[in-house]
Amino acid sequence: MSSVPSSPLAAPAAAAYDPDARLSALAWLRANLFSSVWQSLLTLAVAFVLIRFFWFVLDWGVVNAVFYTTDPDVCRAATGACWAVIAEKHRPMLFGLYPYDEHWRLVLMMAIYLGTVVLSLWPRCWNLRFLVPLWIVSSLSIGVLMFGGVLGLRYVPTSEWGGLPLTMLLFTGTVLIGMPVAVLLALGRRAPLPVARGVSVVFIEALRGVPLITILFVAVNVFPLFLPAGVEVNKLLRITVGIAIFFACYQAEVIRGGLQAIPRGQYEAAASLSLSYWQTTRRIILPQALRISLPAITNHIIAAMKNTSFVIIIGLFDILTATTAVMQDPLWRKFYIEAYLFVAAVYLFFGYALSLYARQVEKWIASGRI
Amino acid sequence: MTQSAKPGPSADPVIRMSHVSKWYGHFQVLHDVSLDVRKGERVVVCGPSGSGKSTLIRCINRLEVHQSGQIFVKGLEMTDNVKNIDTIRRHIGMVFQNFNLFPHLTVLENLTLGPMLTRQMKKSAAEDLAMHFLRKVRIPEQSGKYPLQLSGGQQQRVAIARSLCMEPEIMLFDEPTSALDPEMIKEVLDTMIELAESGMTMIVVTHEMGFARTVADNVVFMADGRKVESGPPEEFFGNPREERTRAFLDQILKH
Ligand SMILES: Nc1ncnc2c1ncn2[C@@H]1O[C@H](COP(=O)(O)OP(=O)(O)O)[C@@H](O)[C@H]1O
Ligand SMILES: [Mg+2]
């Protein structure tokens, strides 16, 4: 029955097979789009705007666009978009200040990174005997590729890192440091020990209350004052930890929400099996709490991806700030919109991939696979 | 009732509660309750809702903390001492009204978790043990399912098997059939009767008076946090001494 397509235009033909479908399609249109004069006007107005918008996108982005040229004047002459700017500038946008001749190392690094991440997200690989060696090997190779200084590779200090690889490293560092801290803070806030509770509450409330930029300022400018003379902690590391801690404070509250949803009976059943606090937490409580809060956790992880742009305050250029810098070039400056659209597409790609994955995880959970 | 179906309890008390009192704030839930349970004895605790039955048995494995009086399990006193609590809990299994199975684990994982974590059993040995007890409660074919895929009666039998996998000497039941549809009550009671016949020491909070009559060695009646009356079932049901007991029995046996 319901497999008959019920487009309102095809309704008379479909009617013979499925009068309900025709009725419901028309009824749906009437109820949702044309239920009153005002509603109808609004529907028409929105349709007009949408059509105009798509027409513009087509006209500007495709019909009159310049897709390839090395001459900015060709772009200036055109009335459409200048996608050529991406081909022209993609390397400094994607790789920032990293030495031009060494960009191949970053391409290799990103391949290793993405491969490792994709494997780690795949349930069939969730086995420490596989994941631990995998992460050790790929971290080492990524370190060698990024820093160099061995195997005949030229040494590149962190002050010259940038672009998408920097975004990836910051993001990964944020999540890998931030998630465990978030879990500990969330547990601490509900711990039986008053000291743990106090520390967690003060930590979370104090850091959630200030803007990220303030935390980063402290991490970069104030924190070194407390170190003994001669001791130096890498700036990039400091800023990663700063972003991670900020991330952790929000994430901790999300996880706490999940913890609160666990019925008391679960703790009691675990206690009656004489499981210890940590056994109960690790095997009974956290697996359930993290599943419950997964949608909100994903939300903050995606937000963390975008917070990586704050590295600008230590003069490092992630993909967004690298693009801003690149687009200062007077020859191409006019086409900054196209360049930013490119960056947006990169963010969208990773952000959307993350949310698709999170949705898949929810399905796996619902089907009992994990 | 033959002697073999109902092996007599031995003389030494495995649980001794003496003059136990407990308060929630200013509200006293338990008033000076004393109770001895000997090895192999089956005690049924009954009484109106809110009379402190759950609180009483939950004090025995310290899901609740009593404030005065003493509780001994196998000669060990229940105090704040974490090691004692742990040792005592290892001797005691508990079955809850709402089953409290771990919903994110399969039936088999629910059963093997305790033995693997607290008794350092190898996975294969723990699984053998789990299957043994799943056969005992007659649902070995459900081992791969998740708790929420089972009926209430099946879930409660899994919960019983989960406790048995810890090989406890004492089993506490807190209204194990109260959350069940009538047609499932019998399968759980049958499982409990078999357990009783195997000589397990049991304290059962229940309103199933038929179960109390056939299985109990001692029936305890609680009201308002006090142990009002206790005695063997023949006496308790045949000739209750206290007016409150009679009123309670009249009411509950009418159905
Ligand atoms: N956590 C608690 N805080 C305060 N009062 C409680 C708590 N738990 C139980 N009570 C009260 O203690 C009394 C006895 O409860 P309970 O032992 O559950 O009774 P029963 O199992 O006989 O129905 C009830 O009046 C109940 O309201
Ligand atoms: Mg109760």
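For A:Asp318, the residues whose modelled amide H falls within less than 5 Å of its own, excluding neighbours fewer than 5 places apart on the same chain, are A:Gly163, A:Ile312.
Sparsely packed loop sites in the range A:149-222 (the chymotrypsin sites (Phe, Trp or Tyr not before Pro) outside DSSP H, G, I, E and B with at most 11 other Cβ atoms within 10 Å) comprise A:Tyr155.
Length available on full extension from A:Ala47 to A:Asp101: 0.36 nm per residue minus the Cα-Cα distance, which gives 14.4 nm. Label separation (B:Asp181 vs A:His90): 6.2 nm, computed from points 7 Å beyond Cα along the C-beta direction. Here the spin labels are modelled as points 7 Å beyond Cα on the Cα-Cβ line, and at B:Glu141 and B:Asp250 they lie 4.9 nm apart.
For B:Met171, nonlocal amide neighbours, meaning residues 5 or more places apart or on other chains whose placed amide H falls under 5 Å from its own, are B:Gly93, B:Thr201, B:Met202, B:Ile203. Expressed as a whole percentage, what fraction of the accessible surface of the range A:91-220 belongs to carbon and sulfur atoms when a 1.4 Å probe is rolled over the protein heavy atoms? Result for the range A:91-220: 76 percent of the exposed heavy-atom area is carbon or sulfur. Taking 0.36 nm per residue of separation and subtracting the current Cα-Cα distance, fully stretching the chain between B:Ser151 and B:Ser49 would add 34.2 nm. The trypsin sites (Lys or Arg not before Pro) of the range B:124-213 that meet both conditions, a loop assignment by DSSP and at most 16 other Cβ atoms within 10 Å of the site Cβ, are B:Arg138, B:Lys145. Legend: residues in the range A:256-304 shielded by at least 40 square angstrom of accessible surface upon adding the remaining protein chains to the isolated chain (1.4 Å probe, heavy atoms) are A:Gln266, A:Glu268, A:Ala269, A:Ala271, A:Ser272, A:Leu273, A:Ser274, A:Leu275, A:Gln279, A:Arg283, A:Ile284, A:Gln288.
Residues whose amide H falls under 5 Å from that of B:Leu76, counting only those 5 or more places apart or on a different chain, are absent, with hydrogens built in the peptide plane. In sequence order, the range B:72-78 has phi-based couplings of 10, 10, 6, x, 9, 7, 7 Hz under the Karplus curve 6.51 cos²θ - 1.76 cosθ + 1.60, θ = phi - 60°, and Gly or Pro positions carry x.
The HN-Hα couplings worked out from phi for the range A:137-151 by the Karplus form 6.51 cos²θ - 1.76 cosθ + 1.60 (θ = phi - 60°) are 5, 6, 4, 4, 5, 5, x, 4, 5, 6, 7, x, x, 10, 6 Hz, whole numbers, x standing for Gly and Pro.
With the simple spin-label model, which puts each label point 7 Å out from Cα in the Cβ direction, the B:Trp23 to A:Ile365 separation comes to 4.3 nm.
Here the 3J(HN,Hα) profile of the range B:12-24, calculated from phi with Karplus coefficients 6.51, -1.76 and 1.60 at θ = phi - 60°, is 6, x, 8, 10, 10, 10, 10, 6, 7, 10, 8, 10, 9 Hz, Gly and Pro shown as x.
Straight-line reach from B:Lys136: taking Cα to Cα under 24 Å and skipping same-chain neighbours fewer than 8 places apart, the lysines in range are B:Lys6, B:Lys39, B:Lys122, B:Lys123, B:Lys145, B:Lys186.
What the Cβ-Cβ distance of A:Thr79 and A:Val37 gives, at R0 = 41 Å and to the nearest 0.05, is a FRET efficiency of 0.55. Secondary-structure-derived ellipticity at 222 nm for chain A, considering helices only, amounts to -21500 deg cm²/dmol, per-run term -39500 (n - 2.57) for DSSP H runs with n ≥ 4.
The values are calculated or read from the model by the stated rules, or taken from the named source; none is laboratory data. Everything numeric here is computed off the predicted structure, so don't read it as measured data. Glycine also receives a Cβ, built like all others from the backbone with ideal geometry; neighbour counts cover every protein chain displayed. To get the accessible areas, we keep the full protein, side chains included, count just its heavy atoms, and leave off ligands, DNA and RNA. Shrake-Rupley method; radii C 1.70, N 1.55, O 1.52, S 1.80 Å.
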